[in-house]
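A.B. asks: Have a look at this one.
The values are calculated or read from the model by the stated rules, or taken from the named source; none is laboratory data. No experiment lies behind these values; they were computed from the predicted model shown. We place every Cβ from the backbone using ideal geometry, glycine too, and count neighbours over all the protein chains shown.
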Amino acid sequence: MVLTNYHVVAPFFDSDDGAVFVLDNSAGFPRSMNAVIAVDARLDLALLYVRGITSTPATLALSPPRQLESVTALGFPAAADEIFGRVRESVSATSGQVTAVDLGPVGAFGPIELILHTATVNPGNSGGPLFNACGEIVGINTLRADPGETSNAFVASAVTEIASFLESYGVQPAVSDVVCSAQAGSVNAQSCEYDGAPLTAAIESRSLQSLEPLLAGIPETCGATLNQAWLARRSIAHDAVTMFLAMGGTWRLPDQRCSERISLDLSGSAVWGAAGERAQFERFISAVDGAVTTQTVFPEEEHPSTYRYSLSGDRLKIENLSSNTTWEMERCTG
């Protein structure tokens, strides 16, 4: 399987003229795509099936890179083909630093976690990996910050979104179990000064909403604490995706027809819900005791609503914790 950007393969969905090829380094020649397994336009990600590839899968980083960390972008920019006068089958590489990691929009439907960096990417680099100093994937390069201008700012979707996207389609990626800075041996436990009590409380509550604001504040000298925090973040996100896989699909109230249903699906670290003409995205904020809690990110609200989803037998219980409203839903079949 091969991961790339949705916008790379989207033009070929409705066309009989084009084809998607993937360079197989293990064989030394390109292979054609056999099938599209999954796409997510909101995350700008696509998962492809390419028969015969035997290359060793890349490892995903446990955490996104921090500001000013070194990163390397790989890809096949069209500019290189133009300069050398042929379609090159060898990858191009650029290096740079991380400028920022934060939530931001790629499309119209709410924020995702993005990496802003200075490793130059150009048309043709889309869908290529962004690696950290440990050789792990931290992102998938998606776009230039300002495509119409000369810019030294480039955008990649973060590894946290990538891992959840893959897991939501039943793919279990290889994920490092150590934060890169700890692997690199740049941490000294004796110099670690950090009050871990709030972190411990956040981990015990299984709350991403409590844990994520603390991650950036953990000093790089505290390698063991960094690993503990990011392993917990990974575990909570994994549990949220796993729980919600059983909750996805179409549901109706007991007095509704299935034509009036609510559709629920996963979009990386978010839930996509649709009822009639209304669409809503909610990000995971906790996963505990068989229940997944989310908060609305699209459409934007002055006071975002918080929801809790849980299964009770063959029924789905949806609680709007902001308005104290509860719905008991039945699954639509057939």
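A.B. asks: Is region 217-240 home to any residue that is assigned to a helix (DSSP H, G or I) and surrounded by fewer than 16 Cβ atoms within 10 Å (Cβ to Cβ)?
C.D. replies: First, the residues of region 217-240 that are assigned to a helix (DSSP H, G or I): 223-240.
Narrowing the set further to residues that are surrounded by fewer than 16 Cβ atoms within 10 Å (Cβ to Cβ) leaves 224, 235.
Yes, some residue in region 217-240 is assigned to a helix (DSSP H, G or I) and surrounded by fewer than 16 Cβ atoms within 10 Å (Cβ to Cβ).
A.B. asks: Another question, if that's okay. Under 8 Å by Cβ, and 6 or more places apart or on different chains, what pairs join a residue from region 46-65 that is farther than 22 Å from residue 218 by Cβ and among the polar types (S, T, N, Q) with one that is at pLDDT below 90 and surrounded by fewer than 20 Cβ atoms within 10 Å (Cβ to Cβ)?
C.D. replies: Note: pairs meeting the criteria are 54/24; 54/26; 54/27; 55/24; 55/25; 55/26.
A.B. asks: Exactly one condition in (1) under 24 Å from the mean Cα position of the chain (by Cα); (2) assigned to a loop (DSSP other than H, G, I, E, B) is not met by residue 263; state its number.
C.D. replies: Exception for residue 263: condition (2).
A.B. asks: Which ranges mark the strands (runs of 3 or more DSSP E) fully within region 1-114 that have 1 or more residues being modelled with pLDDT of 85 or more? Working first, answer last.
C.D. replies: Numbers: elements: 2-4, 21-24, 29-32, 35-40, 45-49, 70-75, 92-104.
The strands (runs of 3 or more DSSP E) meeting that bar are 2-4, 35-40, 45-49, 70-75, 92-104.
A.B. asks: Only one of 158, 153, 163 is at pLDDT below 90, surrounded by 14 or more Cβ atoms within 10 Å (Cβ to Cβ) and in the same structural domain as residue 36 (by TED's automatic domain parsing). Can you tell me which?
C.D. replies: Details: 158 fails: at pLDDT below 90; 163 fails: at pLDDT below 90.
Within the list 158, 153, 163, the selection yields 153.
A.B. asks: Sticking with this one: On the basis of being in a loop (DSSP other than H, G, I, E, B), under 16 Å from residue 4 (Cβ atoms), assigned by TED's automatic domain parsing to the domain that holds residue 70 and at pLDDT below 90, does residue 123 make the cut?
C.D. replies: Working: in a loop (DSSP other than H, G, I, E, B): yes; under 16 Å from residue 4 (Cβ atoms): yes; assigned by TED's automatic domain parsing to the domain that holds residue 70: yes; at pLDDT below 90: yes.
Judged against the criteria, residue 123 is a match.
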